[in-house]
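> This is the structure I have questions about; it appears just below.
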Amino acid sequence: HAVDSKVGEVLLYYCYCEVKDPEKLCAWQKALCQHLHLTGKVRVASEGINGTVGGSKVATNLYIEVMLSQPLFKDILCQADFKSSAGGAHCFPDLRVGVFKEIVPMGIDPKILSYKETGIHLSPQDFHREVEQYLSQASQGQSDTILLDCRNFYESKIGHFQGCLAPDIRKFSYFPSYVDENLELFKDKRVLMYCTGGIRCERGSAYLRSKAVCREVYQLKGGIHKYLEEFPDGFYRGKLFVFDDRYAICSNEDIISACRYCGTLWDQYKLCSSQHCRQLVLTCPSCRNKGLTACCPVCQEKELKVTSRASGQTLKEECECTRRRARVPIEHVSQRMLDTGKD
């Protein structure tokens, strides 16, 4: 059955538009995905739709066709808005379609901060040129630009643009506070922002612009996904983190991160082995074989305790990694910016 064949792809897309009846769109979307045997996650809200779905090539092509002909998205969504990568329905445990307040969880009411106030969208080619210029100026210590990664720390850890500023934050909903706490940093700067597929930049750039401190705010259209299609060996080094069972996709053989335990180059995430911890950990095969499979010593010990304990009890996730990390890091600018060229 062609719709069920194992070789397929994963699609990533979003569309900001006015949705009068999110519940109805949600039901339609769910039925469509089930009909095409697609798995994945789709968020629907009054401000639009955001999805990542996996299935056979036949199914994903049909899905795009149907989405493009849906009257709600007809003049807004286009073929190029779908980013695809090798995968399939097996990349997700199930299908989840739901109605939410925001299509990307930033934690700020869309009525207060509209996606319509975004930064200036740059094509991958224009973004590439901007980064090139930024890196050459930064190496001479005279850049008025900040290359800002608006993803989470575990995403930027395994792959990022050279010379970027990557906030040490765990969730996108901490991004607004990060901007607030580090406003000085952005003063009179040109900011080049990027994220996985472009959606976080839509709200992130709108938030940054609302603070009225930057000279200009630009964002990479289509995100790292589209950039890597054009420049697999460009200024983005390492893997691209994705929110499904693959964890990462690669465009080149670069490995920029290390095993948490022995420091050997390693960039394949696994979930922390401690039962209730949702942290990801970089631990290489030889360390895994030694039983080093948790994200930190607290979890490693907790795991030993849990196995010997009655299974009815659950432990609240509270590990070193989450406890020690400042929720919103304050950047100490001067040094950070001087190091940019050396990445």
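The values are calculated or read from the model by the stated rules, or taken from the named source; none is laboratory data. On a predicted model such as this, the values are computed, not experimentally measured, just so you know. Every residue, glycine among them, receives a Cβ derived from its backbone with ideal geometry; neighbour counts consider all protein chains shown. Just so you know, the surface numbers come from the protein's heavy atoms only, side chains and all, with ligands and any DNA or RNA stripped out. Shrake-Rupley method; radii C 1.70, N 1.55, O 1.52, S 1.80 Å.
> Work out how much length residue 270 to residue 258 would gain on full extension: take 0.36 nm times their residue separation and subtract the Cα-Cα distance, in nm to one decimal.
The residue 270-residue 258 span can extend by a further 3.0 nm.
> Here's something else I'd like to know. Using the Karplus curve 6.51 cos²θ - 1.76 cosθ + 1.60 with θ = phi - 60°, work out ³J(HN,Hα) for each residue of segment 84-94 in order, rounded to whole Hz, and write x for Gly and Pro.
So the Karplus estimates, Gly and Pro as x, are 10, 8, 5, x, x, 5, 5, 6, 10, x, 6 Hz.
> For residue 8, list long-range residues whose amide hydrogen, built 1.01 Å from N in the peptide plane, is under 5 Å from its own amide hydrogen.
Those lying under 5 Å, H to H, from residue 8 are 87.
> Now for a separate question. Cβ neighbours within 10 Å, averaged per peptide: list 143-150, 73-80 in order, most packed at the top.
Descending mean neighbour count gives 143-150, 73-80.
> Something else about it: How much length, in nm to one decimal, is gained on full extension between residue 180 and residue 126, taken as 0.36 nm per residue of separation minus their Cα-Cα distance?
16.6 nm
> For the peptides 22-31, 85-94, what is the packing order when you average, over each peptide's residues, the other Cβ atoms within 10 Å and list the highest mean first?
Working: 22-31: 16.4, 85-94: 18.1.
Most protected by this proxy first, the peptides run 85-94, 22-31.
> Can you give the FRET efficiency to the nearest 0.05 for residue 215 and residue 139, using r as the Cβ-Cβ distance and R₀ = 35 Å? All intermediate terms of the calculation are to be shown ahead of the outcome.
Values: r = 21 Å, r/R0 = 0.60.
Given R0 = 35 Å and the Cβ-Cβ separation, E is 0.95.
> Here's a follow-up. If r is the Cβ-Cβ distance from residue 288 to residue 187 and R0 is 41 Å, what FRET efficiency results, to the nearest 0.05?
Step by step, r from the Cβ atoms, then E = 0.35.
> For residue 68 and residue 301, what is the calculated FRET efficiency with R₀ set at 56 Å and r taken between the beta-carbons, to the nearest 0.05? Before the final figure, lay out each step's value.
On the way: r = 52 Å, r/R0 = 0.94.
Here the calculated transfer efficiency is 0.60.
> What does the charge add up to near residue 67, with Lys and Arg as +1, Asp and Glu as -1, over the other residues with Cβ less than 12 Å from its Cβ?
Spelling it out: positives minus negatives among the neighbours equals -1.
> Across segment 106-121, in residue order, what do the Karplus-derived ³J(HN,Hα) couplings come to in whole Hz, using 6.51 cos²θ - 1.76 cosθ + 1.60 with θ = phi - 60° and x for Gly and Pro?
After applying 6.51 cos²θ - 1.76 cosθ + 1.60, I find 9, x, 10, 3, x, 6, 7, 10, 8, 5, 6, 8, 6, x, 7, 6 Hz.
> Can you compute 3J(HN,Hα) from phi for each residue in segment 166-182, using the Karplus curve 6.51 cos²θ - 1.76 cosθ + 1.60 with θ = phi - 60°, rounded to whole Hz and x for Gly and Pro?
10, x, 7, 10, 9, 9, 5, 5, 8, 4, x, 5, 4, 4, 4, 6, 10
> If you find the alpha carbon centre of segment 173-247 and of segment 126-148, how far apart are they in angstrom?
15 Å
> While we're here: Pop a pseudo-label 7 angstrom from the Cα along the beta-carbon direction at both residue 116 and residue 173 and give the gap in nm to one decimal.
In this crude label model, residue 116 to residue 173 measures out at 2.7 nm.
> A follow-up question, please. Might you tell me the accessible area per residue for the chain, computed with a 1.4 Å probe and given in Å²?
I get 48 Å² per residue for this part.
> Carbon and sulfur: what percent of the chain's accessible surface (1.4 Å probe)?
Percent of accessible area from carbon and sulfur atoms in the chain: 51.
> Identify which of the listed values of P(r) over Cα pairs in 10 Å bins from 0, in percent was calculated from the structure shown: (i) 5, 18, 18, 19, 19, 13, 5, 2, 1, 0, 0; (ii) 5, 25, 35, 24, 9, 1, 0; (iii) 5, 23, 31, 27, 12, 2, 0.
Matching the structure shown: (iii).
> Continuing with this model, one more query. May I ask you to compute the full-extension gain from residue 58 to residue 153, defined as 0.36 nm times their residue separation minus their alpha-carbon distance, rounded to one decimal in nm?
30.7 nm
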